[in-house]
Amino acid sequence: MHYQISGRQIDIGEALQAHVQSEMDEVLSKYAGRPTDANVIFSKSAHEFVCEATVHLSTGLTAQAKAHATEIYSAFDKCNEKLDKQLRRYKRRLKDHHRDRAEPVELSGASSYILAASEDVDDSEPDSLQPMIIAEMETKIPSISVGEAVMQMELVGAPVLVFRNEGNNGINVVYRREDGNIGWIDPRNMT
């Protein structure tokens, strides 16, 4: 298990790093057989400390949690409790998924862009049809089943997830609809 524990504009001591590793090891050993890495970032927002944790599992799933507290240890403990709750909620699914998959999930590289929001609030035509790119990042697209994609989207709390469907090797999308249901886009079934 590889840990990356850092602070944004605050110093993180060795005692806190040791606490984070031991507590996360305890939670992850209960629910996830082979976690690959964890990224924990501490920051300060006004009078509160913020702890953001992301754990990548060998099954391709990613669990994320974020918590605020007036003390840094409390912020981590709350964040760790949220991870524990997420993983407990999906324990059966994770075990079944882990049993069926002998190899870690294959990840494909892709580019991810953040586009500037449109400033045109009226119905007039925009000056250009080319949006302004304000950030470009690398992202990974997992090769998983539709059920695993829905579970991943729910674990992360994302509104949408792009993935490579193991069944047909095509790029698919799952998303949360306004009515609360899950939508699935499979371009191969389009005619």
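Side notes on the structure shown:
- Whichever residue in segment 43-85 is of a type outside the set (Val, Ile, Thr) and more than 22 Å from Ile10 (Cβ to Cβ) and, among such residues, is modelled with the lowest pLDDT: Gly60
- Hits in segment 1-26 (condition: among the acidic types (Asp, Glu) and either in a loop (DSSP other than H, G, I, E, B) or surrounded by fewer than 16 Cβ atoms within 10 Å (Cβ to Cβ) (or both)): Asp11, Glu14, Asp25, Glu26
- Restricting attention to segment 144-172 and to residues that are in contact (Cβ under 8 Å) with a residue 60 or more places away in the chain and closer than 22 Å to Gly109 by Cβ, the residue that is surrounded by the most Cβ atoms within 10 Å (Cβ to Cβ) turns out to be Ile144.
- Of the residues making up segment 86-103, one or more are modelled with pLDDT of 80 or more, buried (at least 16 other Cβ atoms within 10 Å of the Cβ) and under 19 Å from the mean Cα position of the chain (by Cα).
The values are calculated or read from the model by the stated rules, or taken from the named source; none is laboratory data. Quick caveat: nothing in here was measured; it's all calculated off a predicted structure. No Cβ is skipped: glycine too gets one built from the backbone with ideal geometry, and neighbour counts run over all protein chains shown.
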